[in-house]
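The values are calculated or read from the model by the stated rules, or taken from the named source; none is laboratory data. Since the structure is predicted, the reported quantities are computational estimates derived from the model, not experimental observations. Using ideal geometry, Cβ is built from the backbone for each residue, glycine included, and neighbour counts are taken over all protein chains shown.
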Amino acid sequence: MSQKNRLQSGGRIDRSKALTFTYNGRQYKGYKGDSVASALLANGVDIVGRSFKYSRPRGIVAAGAEEPNAVLQVGATEATQVPNVRATQQELFDGLVCSATNGWPSAESDMMAAFGKVGGKMMPPGFYYKTFMFPQSMWETYEKFIRKAAGLGRAPLVNDPDEYDNMNQHCDVLVVGGGAAGLMAALTAARSGARVIIADEQDEFGGHLLSSRERIGGKPAADWAAEIVDELAKMPDVMMLPRSTVNGYHDHNFLTIHERRTDHIADKAPEGQIRQRMHRVRAHWVVLATGAHERPLVFGNNDVPGCMVAGAVSTYINRYGVVPGNKLVLMTTNDTAYQTALDWADTGREVVAVVDTRANPQGERIEAVRKRGIKVVTGSAVIDVQGKKRVSGVSVGSIDAKGEKVTGKVQHLSCDTVASSGGWSPVVHLSCHTGSRPVWNDEIIGFVPGATVQKQLTAGGINGTYALDKVLAEGVKAGKEAASRLGLTAADTQLPNVRTVREGTPMALFHIPHTKPTSRAPKQFVDYQNDVTAAGIELATREGFESIEHVKRYTAMGFGTDQGKLGNINGMAITAKVLGKTIPDTGTTVFRPNYTPISFGAIVGRNCNELFDPKRYSAMHKWHLENGAKFEDVGQWKRPWYFPKAGETMQQALDRECTATRESVGILDASTLGKIDIQGKDAREFLGRVYTNAWAKLAVGKCRYGLMCKEDGMVFDDGVTSCLGENHFVMTTTTGGAAGVLEWLELYHQTEWPELEVYFTSVTDHWATMTISGPNSRKLLSELCDDIDLDKDSFKFMDWREGTVAGVPARVFRISFTGELSYEINVQANYGMHVWEKLFEHGAKYNLTPYGTETMHILRAEKGFIIAGQDTDGSVTPIDLGMSWCVSNNKPFSYIGKRGMVREDCVRKDRKQLVGLKPKDPKAVLPEGAQAVDDPNQPIPMKMLGHVTSSYWSANLGRSIALGVIKGGHDRMGESVYYPLADGRVIEAEICSPIFLDPKGERQNV
Amino acid sequence: MSETLAPENEVATVAVMNQLPGRDVRAESPLYHAEMDKLAARNPRAGGVLLRELKLLGHLTLRGSQDNQSFMSGCEAVLGVALPTQPLTSVEKGSVSVRWISPDEWLVVLPGDQAFEVERGLRAAIEGHYSVVNVSGGQTILELSGPNAIDVLKKSTALDVHPSQFPVGKVAGSVFAKSTALVRRSSEDTWELVIRRSFADYLWLWLQDASREYGLVIKS
Amino acid sequence: MFYIYCPHCREHREEEEFHAKGQAHIARPADPDNCTDEEWGNYVFFRKNPRGLHHELWYHSTGCRKFFNVTRDTVSYEIKEVYKIGEQPQVVAKG
């Protein structure tokens, strides 16, 4: 098909650069500078989709972000599919492939149309609620059908090959919108010395000026804009972001800008380029110069392709050189739209009539239209449209002065295009994102931004200021005000000469009356994307949904991807009329981010795949990798979980690791434990206040285990703290608790006890820590360390010594989490790998066996040692754990947790207490989390006694063991409890001491 | 090598330790496994971002009150330069740099083999309440330079890195990618990131990814 | 996302650098052992949730690691003042 609607000249397209694109499987031609919408219109494509509920054919209505119908699926390959692309905002490139998303199987021939008429009746407002509430089990079926029919598009099924990122920006002034007001504001602020960012969603700055035939300073408006853009581009502290939509306005002047860097070049970003970038901007001041959207009027069959917003028709003519039809009828409530009739007539095509709802319109443009011999029908309106796939004619009737009734005879006019204008709605969306409510302004017949706590200024159309000279002046004023509020000397920007057009008063009319009542008139669409009609809104209101928020949810008005940019104000006006209220009394719904749909890629940036979350590694990580470790996530750490040998199952590996450690020697990378260096003369006093046990007498060279509680008496972390010097300690914490414990210590030091002289410094990453554990650990260490007396009576259990291990200065702690003779060797992390490798060189003869977190868990469970966060969950006191030996009530200071532990609730006898559990069947391993009951045959819901916190197969004991909490468990030793499982099995277990192995601790004291 | 500062036969108040082994022991910086020397040898010649690891330096965390005259003067005497008291600033003299971290915390960076001597010197020179902690093994420094280094920073941190807000010598600790870094502008287009050892590999991957569009050159 | 002035670093930083620690000025009772359960419960568990001005404790976790106070309007999210630990707010709710 040729570009039958393309003009021979004019517009901002480059006719020397023809582009080929594919729409719904057919090839078309367009030009560089086209949007997909303008190219489709040039080719005479009328239908771009089918409507959501009624499956009616729909055409292009608007020319910008507010377009509700031309929402396409774009992408030539599966990987590059992008749903919900507005054809009006997608620049054309060679090879672009797109298709209509609503319409099944196609927009032109729609299966749903067959039952569209029936479906329409079956789908009144509130149909989600009415139809789909029951039966709920059918929802999945309905949902599939609705999604398919609703034109929500589809996500690609394979990975997006493109790169996206986020960038943080700061500026003095962020100007949103690069039209006349925005350019003036940016220029003035920048000339005053401010750091400026100006963003505009279009490919070129200029906004409305790009499609305007006005002149500024004696030049075509677009040429004037280009000069301003040139000046701004040369200033070093001005960042210009075209193709960038400011999508969200958040607290404290934080705004997000979605920049589409390559979407206009090709399907896939050129190699090495970022496809889309999200700018996260912190702006000292924001100037909103977002302009206004023209409102279409609501009249019968106003959705038939060929019905458009008046200004959009002018844009297609003036900017793209496309006349979207042959015979135009223009309906308007204001003077401005007359320009569309002039623009159309200038192309040589026919303007059938201008239908003005006002009885006696006066103004320059009206005179100009009349002078051209164009028929002007006053005091009248287009009450409905004829045609199915394209407008074929209109019915025009005279209306009363209020626009509520059709008063006279209805005449028929033949045409293929109906342009309508009900005035302009300021784009207040961003100003509402931070919670400010817009306010109604009767004079401009629209909502303008309301009071805000943000450092926000507004200029131009967003204020309802539409005359170009005033728009420019407001831009300068905003730029100057921003500059002076920043403490800069505001530059004075000369206002260019602009001719003022004399205009008459517009009429506040939204819903065109019909000869029939609304409920029986041809459908009058308010929200095209969600098929919300004037009759539907009336019905909703009659059914009692009087709040505009309820009307919105009942009818789905404004719920589409266009967020009701065209329809919301009309819908509110209709609601207000039915309720007999004013529009401001009816109120608005809340606009929320994002202003236009945004791809997940841009939000995620590079925080995906390998970079989704940091992975933390110890200094010995490479060895673990090379030796086949399986890893477990502990916080962000990647810790070896177990080290399977070839052909081993996990259980076989664990059995081998456990046995080797108990029989000879095993080694654990314990570097991830939190380590905090504590210095100061009050360090000891501080420890006494944050741990539950006593620290006053811990001598230099000694280590002690400690429990930490919160003020409620519940355990939150534990670890060994060693006395390095009289005023010097090193504390260890759990791996996951390290940052939290340090913050906890700082909290109490800074806010409660600042008088205590103590400093805390994290040394977690500084030390590489390796624990050798097992009866041969002393022999192994002695081969690598000759400057520490390792004799059992010299270097005792719970001592630490300084010495040299494998030639590296080390602190060696004789502490044990396995119950075996153990040494924890700490060296500066840069030397960790060296020492680790030396241990293996010498350890071969002792069958030195690396083990991971799972074996560590089993070995400690055999000894009944708790893991904070596994056997505790914030509801367990030290007493509940059976660890009263670790609680000192003789300390002079009422340490954290002491008072909490004696609350009435904490001293109940039936609290859940930690016990050991031996399944009666020694082969049965209880699942962690299983719930205990006394009688497994009792009716459901059963009375639950507690749950399993840790459970393992113990190779050393040849049986299963578990730890768990049981109500009053400490007094129930030897009794049985039952664990009914989801698979129907019931496991009986005997309550026992949690210490399964070596209860006297002889193995670690050798 | 063990050092007790208290007179003999008295209990040591603080354990100070020379943590460096002899030269025959291989040291592995946090990015040792990335083999940056090899990468540097086969680099493209041009790129908008240059990266190198300033590895195996001595890092000492100093804590003390600015009201403690002995602390302030002792630090100046031993380090050869006064601790910066202006927030978010740094000082540099010879091979020693000092970064402000908080009103009572500084990071001293110096040649790796001087950490022990300087810690001993500080302890000998200062009285009252203070702390010195050797954290050399726990962190490393990545140096970013080149015309696009600032763009990589903007992708990675929300700090305002414009010259008017982040002049040469400024220091700021912040979120960096999803980890943290202490950022210092060491010259007009050179930035130093003090990062934690355990996050080094993640940040190395991040910086490669974020630099790709500008071209990344590894320096040894 | 808040933009918070740190009184120690003396500049504004993004919220992601901080941890919110809840209501400020909750002093630990001087003699916990002699508190009634009710007094202790009030200290440990009960917090204000005002509409309007709220004094909050924040922690500059990636920066100077200092705790400080913020007076914030919970409706508009405006931060009215920041002040150091040990200082009292200047902006307080009327009545």
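For this structure, a couple of remarks:
- The residue of the stretch A:536-579 that is surrounded by the most Cβ atoms within 10 Å (Cβ to Cβ), among those that are of a type in the set (Phe, Trp, Tyr) and touching a helix residue (DSSP H, G or I) at 6+ places or on another chain (Cβ under 6 Å), is A:554.
- Test: residue in the stretch B:110-119 that is facing another protein chain (nearest Cβ under 9 Å), farther than 28 Å from residue A:281 by Cα, surrounded by 23 or more Cβ atoms within 10 Å (Cβ to Cβ) and not small (Gly, Ala, Ser): no
- Yes/no for residue A:877 being within 20 Å of residue A:720 (Cα to Cα), under 41 Å from the mean Cα position of the chain (by Cα) and within 14 Å of chain C (Cβ to nearest Cβ): yes
- Some residue of the stretch C:36-44 being within 12 Å of chain A (Cβ to nearest Cβ), farther than 30 Å from residue B:166 by Cβ, within 16 Å of the chain's Cα centre (by Cα) and part of a helix (DSSP H, G or I): yes
- Residues that are of a type in the set (A, V, I, L, M) and more than 9 Å from every other protein chain (Cβ to nearest Cβ) were ranked within the stretch A:741-753; the one that is surrounded by the fewest Cβ atoms within 10 Å (Cβ to Cβ) is A:745.
- Scanning the stretch C:50-95 for residues that are at the interface with another protein chain (Cβ under 10 Å from one of its Cβ atoms) and more than 13 Å from the chain's Cα centre (by Cα) turns up C:61, C:62, C:63, C:64, C:65, C:75, C:76, C:77, C:78.
- Residue in the stretch B:56-65 that is more than 14 Å from chain C (Cβ to nearest Cβ) and over 30 Å from residue B:207 (Cα atoms) present: yes
- Qualifying residue in the stretch A:818-830 (condition: within 47 Å of the chain's Cα centre (by Cα), at pLDDT 95 or above and charged (D, E, K, R)): yes
- Any chance residue A:278 is under 27 Å from residue A:7 (Cβ atoms), at pLDDT 95 or above and part of a strand (DSSP E or B): no
- Residue within the stretch B:37-44 that is crowded, with 21+ Cβ neighbours inside 10 Å, away from chain C (no Cβ under 14 Å) and farther than 30 Å from residue B:12 by Cβ present: no
- Failed criterion for residue C:16 (all others in (1) within 14 Å of chain B (Cβ to nearest Cβ); (2) under 21 Å from residue A:740 (Cα atoms); (3) not in a helix (DSSP H, G or I) hold): (3)
- Any hit, the stretch A:23-46, residues being in contact with a Pro (Cβ under 8 Å, 6 or more places away or on another chain) and not in a strand (DSSP E or B): yes
- Residue A:246, sole failed condition from (1) in contact (Cβ under 8 Å) with a residue 60 or more places away in the chain; (2) more than 14 Å from every other protein chain (Cβ to nearest Cβ); (3) in contact with a helix residue (DSSP H, G or I) (Cβ under 6 Å, 6 or more places away or on another chain); (4) surrounded by 24 or more Cβ atoms within 10 Å (Cβ to Cβ): (3)
- Count - residues of the stretch A:303-333 that are closer than 24 Å to residue A:516 by Cα and in contact with a Pro (Cβ under 7 Å, 6 or more places away or on another chain): 3
- Checked against (1) within 30 Å of residue A:468 (Cα to Cα); (2) at pLDDT 95 or above, residue A:525 passes all but a single condition, namely (1).
- The number of residues in the stretch A:877-927 that are without any contact (Cβ under 8 Å) to a residue 40 or more places away in the chain and in contact with a Phe, Trp or Tyr (Cβ under 6 Å, 6 or more places away or on another chain) comes to 1.
- Test result for residue A:765, out of contact with any strand residue (DSSP E or B) (no Cβ under 6 Å at 6 or more places or on another chain), over 20 Å from residue A:681 (Cα atoms) and either surrounded by 21 or more Cβ atoms within 10 Å (Cβ to Cβ) or within 14 Å of chain B (Cβ to nearest Cβ) (or both): no
- Some residue of the stretch A:455-467 being at negative phi, more than 33 Å from the chain's Cα centre (by Cα), assigned by TED's automatic domain parsing to the domain that holds residue A:443 and not in a loop (DSSP other than H, G, I, E, B): no
- Considering the stretch A:580-649, the qualifying helices (runs of 4 or more DSSP H), each wholly inside and each with 3 or more residues that are among the hydrophobic types (A, V, I, L, M, F, W, C), run over A:600-604.
- Checked against the criterion of being buried (at least 18 other Cβ atoms within 10 Å of the Cβ) and touching a Lys or Arg at 6+ places or on another chain (Cβ under 7 Å), the candidates A:395, A:420, A:425 yield just one match: A:425.
- Odd one out for residue A:362 among (1) at pLDDT below 95; (2) buried (at least 19 other Cβ atoms within 10 Å of the Cβ): (2)
- Here residue A:247 does not fit the description of being of a type outside the set (Gly, Ala, Ser) and on the phi > 0 side of the Ramachandran plot.
- The lone exception for residue A:563 - which of (1) at pLDDT 95 or above; (2) polar (S, T, N, Q); (3) within 20 Å of residue A:302 (Cβ to Cβ) it fails: (1)
- Test: residue A:756 is assigned to a strand (DSSP E or B) and either within 11 Å of chain B (Cβ to nearest Cβ) or not small (Gly, Ala, Ser) (or both): no
- Per-region count, the stretch A:263-282, residues closer than 14 Å to residue A:95 by Cα and surrounded by 18 or more Cβ atoms within 10 Å (Cβ to Cβ): 3
- Residues of the stretch B:36-58 classified as part of a loop (DSSP other than H, G, I, E, B) and at pLDDT 95 or above, total: 4
- Against the test of being surrounded by fewer than 14 Cβ atoms within 10 Å (Cβ to Cβ), at pLDDT 95 or above and not acidic (Asp, Glu), the options B:95, B:65, B:90 yield a single qualifying residue, B:95.
- Test set (1) touching a Phe, Trp or Tyr at 6+ places or on another chain (Cβ under 6 Å); (2) within 23 Å of residue A:171 (Cα to Cα) - residue B:153 fails condition number: (1)
- In the stretch C:1-29, the residues that are small (Gly, Ala, Ser) and at pLDDT 95 or above: C:20, C:22, C:24
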